[in-house]
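What follows is calculated from the coordinates using simple rules that are stated; it is not laboratory data. The structure presented is a predicted model; accordingly, all values stated were derived computationally and were not measured. When we count neighbours, we look across all protein chains shown, and the Cβ atoms used for this are built from the backbone with ideal geometry, even at glycine.
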Amino acid sequence: MLISEDGWRLVVSGPTWSMKRAILFALVIFLASGPFAGAQESYRTDEEELAPIELLGKRVFEDKTLSRPAGVACASCHQARQAYQGNNGSPIAAVARGAVPHALGKRNTPTIMYASFSPPFNFVEERDARTGHSEMIPLGGQFHDGHAATLTEQVAGPLFDPNEMNAASKKDVVERIRLGPYADLLRQVFDENIFNNSDEAFVKLSQAVAAFESSSRFHPFSSKFDDYLRGKAELSPLERKGFVLFKDPKKGNCLSCHVGKEDSRNPQDWLFTDFTYDALGGPKNKQLMRVSKPDLGLCEQPELVKKIPLQKDRDSFCGAFKVPTLRNIAQTSPYLHNGFFTKLRDVVAFYATRDTQPARWFPSNSKGLVEKFNDLPRSLRGNVNITEAPYDRGLNQSPRLSEGEISAITAFLATLTDHEKH
Ligand code: HEC
Ligand code: HEC
């Protein structure tokens, strides 16, 4: 703290001009470095560029009166200054605090930047260029397990989740908005009579939130990497080395799931996900309350059986989660759907040594055997991907990435942080 007790007392007793200047200077430094440094933050809070429907979406997104009890908004867990991720001050970093006292969520909050690029959840045909073999694979949707097909459908999820916003009903949400400060904006954007039918009004509100989440501040493409693609910035030698390893099918092979179009310099072709699903076998996070019930991901998506192609078995999707974007990854700790990892470098090291040194990541059982993939029931551990690089190695083989290479990939990942105002 730069302003001393004495400094304040001087103000009271009438400071000279030079004292005032000193105080002003100290205040400027304090504001620029302290918790009020908002003016210098890189995220966007302005509203001028938003279309009316996006502005309406922002009002709903930031409305803390919709939760029961009041106090939690979408923005409480998806904070602009943390790449629209966060945990609402939870005592357990991996899961967010909800509106009801002591309520904690079940999964780690993902960033919702770039989420508007996820196509609606579906099974699509994928053809292996090498073998010519094609199969139907799950793709897209919102949430770690895709259980909402689209951004519009997603909105009801957190609103009515008792561990998140705990709202009573669509009718109740719409009624609160009707009596609140932006009711006229809703009428203006949609229809004078919008409040007459609360189910319809709820769909419209959800569309407005989705429109806000699809606005450019959620996908500014303003990272160092984007500038590198545009030919406006250079990667450092370490970052460049990391990028090469990230792409190399025999080294990181990260690009095979965290996709980008190798021959394109258009940032939009580099979302660092193809929105497919994979079972990574991350370690169990013992801090979570789920101890008695493992999180099986995609196979527990309600109604999945109705969507699965005939030749596939529901259980084969257990343990699979959506491939997340890696954009802004340096800002969105903790990592994985269960928030097990707090350091980004550890995630990369896990990829490299999950199978060569499993004891580094998984606990041992009473017989002294390492319990690999301990976040899944034993019968489903066979679903974990052990065939693709970098996790296609065996016990005590040399990992696909050395410690130096792990650091290089981590350095590259830090170039994916958006910088301009967004
Ligand atoms: C209490 C914290 C919390 C609140 C409040 C909250 N979210 Fe989330 N959000 C999460 C968590 C946790 C997940 C992941 C849940 C899962 O996968 O099952 C998530 C997932 C999402 C996703 C999916 C992103 C993706 O890439 O799959 C979107 C979009 C989203 N939230 C938007 C919203 C909106 C809109 C609201 C307000 C109506 C909201 N959230 C309120 C914690 C929260
Ligand atoms: C076969 C597909 C696949 C490959 C290859 C792959 N990933 Fe992933 N990655 C995933 C999936 C799926 C998740 C989410 C897993 C979960 O939440 O349990 C993930 C999660 C992550 C996360 C955490 C993201 C977050 O927001 O929590 C990071 C970081 C990451 N991967 C980096 C990498 C790097 C670096 C490489 C290469 C060394 C790589 N990945 C290779 C599929 C893959």
**Request:** Select from the stretch 366-422 the residues that are small (G, A, S) and within 30 Å of S216 (Cβ to Cβ) and write down the one among them that is farthest from ligand 1 (Cβ to nearest atom).
**Result:** A411
**Selection from the stretch 116-175 of residues that are among the β-branched types (V, I, T), touching a helix residue (DSSP H, G or I) at 6+ places or on another chain (Cβ under 7 Å) and not in a loop (DSSP other than H, G, I, E, B)** = T152, V173, V174
**Filtered residues of the stretch 292-310 (kept if away from ligand 2 (no atom under 16 Å from the Cβ) and without any contact (Cβ under 8 Å) to a residue 24 or more places away in the chain)** = S292, K293, E303, L304, V305, K306, L310
**Message:** Checking the conditions here, which among D199, D191 is among the acidic types (D, E), more than 12 Å from ligand 1 (Cβ to nearest atom) and part of a helix (DSSP H, G or I)?
**Reply:** D199
**Request:** Using the structure shown, decide if A352 is away from ligand 1 (no atom under 16 Å from the Cβ) and surrounded by 22 or more Cβ atoms within 10 Å (Cβ to Cβ).
**Result:** yes
**Request:** Could you please let me know if A330 is under 26 Å from the mean Cα position of the chain (by Cα), small (G, A, S), surrounded by fewer than 18 Cβ atoms within 10 Å (Cβ to Cβ) and within 30 Å of Y84 (Cα to Cα)?
**Result:** yes
**Asked** Can you name the residue in the stretch 386-422 that is among the hydroxyl-bearing types (S, T, Y) and in a loop (DSSP other than H, G, I, E, B) and, of all such residues, is surrounded by the most Cβ atoms within 10 Å (Cβ to Cβ)?
**Response** Y391
**Fill in**
The condition of being crowded, with 19+ Cβ neighbours inside 10 Å, out of contact with any His (no Cβ under 9 Å at 6 or more places or on another chain) and on the phi > 0 side of the Ramachandran plot holds, among G140, G132, only for G140
**Message:** I'm trying to understand the selection: among the residues of the stretch 215-239, which are in contact (Cβ under 8 Å) with a residue 12 or more places away in the chain and among the charged types (D, E, K, R)?
**Reply:** R217, K224, D226, R230, E239
**Prompt:** Taking V244 and the conditions (1) surrounded by 19 or more Cβ atoms within 10 Å (Cβ to Cβ); (2) outside any loop (DSSP other than H, G, I, E, B); (3) of a type in the set (A, V, I, L, M, F, W, C), which numbered condition does it fall short on, given that it satisfies the others?
**Reply:** (1)
**Message:** As an exercise: evaluate P162 against (1) surrounded by fewer than 20 Cβ atoms within 10 Å (Cβ to Cβ); (2) near ligand 1 (Cβ under 10 Å from one of its atoms) and give the number of the one condition it does not meet.
**Reply:** (2)
